[in-house]
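Written below as structure tokens is the structure these notes are about.
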Amino acid sequence: MSGPKKRGAASGGARGQGRNSSRAAGAKSGRSGAPGRGRGGAPRSGSAGAGPAFGGSGAQRGDRSRTNRKAPEQRGLGGTQVEGRHAVRELLLAGTRKAKEILIAEGMDRADILDDIVELAQDLRVPVREVSKKKLDGVSRTEASQGVVAVADPIKERPLEELCETQNGMAPFLVAVDGVTDPGNLGAIIRTAECAGVSGMVLPKHRAVHVTPTVTKAAAGAVEHVPMALVGGLPRAIEEMQRAGVWVLGLDMGGDVSIHEVALGAEPVCLVMGAEGAGLSRLVRERCDQVVSIPLAGQLSSLNVSTAAALAIYEVVRRRGSEARAEGPAGAAGGR
């Protein structure tokens, strides 16, 4: 085998994209949310009151399948079932949509974050019920709900034209996904986007995962903060963004230039991530203003899509910030 050589990384990679999706969210989030207050009344136990129906987001690939019931077809962005302690707490803290009910497994160690969830729910008058672990496992659609499942209103879609607008003097920095079907990868991308200050996400309606319970858990609450547009077709959405003055960069292993070499100012930009394995689709690639790659020096030929997204997003933030400072005070990096 030949020695290390530079190659362009695929945004989704050519092999094994789903293998590590459960770990794609990366390190612990820097924002801890509300501090542990060590109080909060005990949730109601048992099954008093039917409460809202759980599982409404539907199981997509990567969400735990159920053989005893058929998951409903997902419409819109989804997000009606939220799983995981950080995701549920952020749902309550953000206040961007209504939480309807929270289930907590009986016998859980009373960690500070669980006390936070109970107290926040009480403040918001959201019913909290303690149920058996078996019952919670029955409604959970992820492999590890951490003993907490919530049901909420769907995530509100934002118009694409709104995402293309300058907000608070900051040019938009958008991230679009082209056919990403692994929910762990999408959740990790949304989490990175939120932490980096991305101003919006663009998701296609068809042949792509939306906000499933696995996405909410992997995103660790980021879905509550990143505005998202749902578009009928990504090629047409790219044309709409370009008409609004947004420069569209595609990320693909066959990119024309390294992302480290492309000129980036403070103008509006959208970074398009390709699907796991396939990369950018032909029509999407043709419509991008430029296709860039991440250089690789090792023996492997690709990166996981969420890893590639993290590297590319922060490179765009870094370059926009440094070049905006060189140009003067008019530009800023990736703010919302």
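The values are calculated or read from the model by the stated rules, or taken from the named source; none is laboratory data. Small disclaimer: the values here were computed from a predicted structure and weren't measured. As a convention, Cβ positions derive from the backbone with ideal geometry for all residues, glycine included, and neighbour counts pool all protein chains shown.
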How many residues does segment 127-152 contain that are part of a loop (DSSP other than H, G, I, E, B) and farther than 23 Å from Gly187 by Cβ?
-> 2
If you check Leu230 against the conditions, is it of a type outside the set (Gly, Ala, Ser) and outside any strand (DSSP E or B)?
-> no
Take segment 167-221 and flag every residue that is touching a Lys or Arg at 6+ places or on another chain (Cβ under 9 Å) and among the polar types (S, T, N, Q).
-> Gln167, Asn168, Thr181, Ser199, Thr212, Thr214
Considering only residues of segment 234-254 that are within 24 Å of the chain's Cα centre (by Cα) and at pLDDT below 95, which is nearest to Leu203 (Cα to Cα)?
-> Asp252
Test for Glu276: is it modelled with pLDDT under 95, closer than 20 Å to Pro227 by Cα, charged (D, E, K, R) and under 24 Å from the mean Cα position of the chain (by Cα) = no
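Before we move on, is Ala121 in a strand (DSSP E or B) and either crowded, with 20+ Cβ neighbours inside 10 Å or within 14 Å of the chain's Cα centre (by Cα) (or both)?
no
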For segment 76-113, enumerate the residues that are out of contact with any strand residue (DSSP E or B) (no Cβ under 7 Å at 6 or more places or on another chain), closer than 14 Å to Gln146 by Cβ and assigned to a helix (DSSP H, G or I).
-> His86, Ala87, Arg89, Glu90, Asp112, Ile113
Subset of segment 236-268 [of a type in the set (Asp, Glu) and touching a residue at least 60 places away in the same chain (Cβ under 8 Å)] = Glu240, Asp252, Glu267
Scan segment 309-322 and give yes if some residue there is surrounded by fewer than 23 Cβ atoms within 10 Å (Cβ to Cβ), over 21 Å from Ala193 (Cβ atoms), touching a residue at least 24 places away in the same chain (Cβ under 8 Å) and among the aliphatic types (A, V, I, L, M), otherwise no.
-> no
Filter result for Leu174 (at pLDDT 95 or above, touching a helix residue (DSSP H, G or I) at 6+ places or on another chain (Cβ under 7 Å) and in a strand (DSSP E or B)) | yes
Complete set of residues in segment 279-293 that are crowded, with 24+ Cβ neighbours inside 10 Å and either farther than 22 Å from Glu240 by Cβ or out of contact with any strand residue (DSSP E or B) (no Cβ under 7 Å at 6 or more places or on another chain) (or both) = Gly279, Ser293
Which residue pairs have Cβ atoms closer than 7 Å, lie 6 or more positions apart in sequence or on different chains, and pair a first residue in segment 169-182 that is at positive phi with a second residue that is surrounded by fewer than 24 Cβ atoms within 10 Å (Cβ to Cβ) and of a type in the set (D, E, K, R)?
-> Gly179/Arg207
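Got a number for residues in segment 145-170 being farther than 21 Å from Gln81 by Cα and modelled with pLDDT of 95 or more?
So the count comes out to 7.
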Return the residue satisfying two criteria in turn: it lies in segment 124-145 and is farther than 21 Å from Gly78 by Cα and out of contact with any helix residue (DSSP H, G or I) (no Cβ under 8 Å at 6 or more places or on another chain), and of such residues it is surrounded by the fewest Cβ atoms within 10 Å (Cβ to Cβ).
-> Arg125
So, of the residues in segment 156-201 that are among the β-branched types (Val, Ile, Thr), buried (at least 24 other Cβ atoms within 10 Å of the Cβ) and under 21 Å from Arg75 (Cβ atoms), which turns out to be nearest to the chain's Cα centre (by Cα)?
-> Ile190
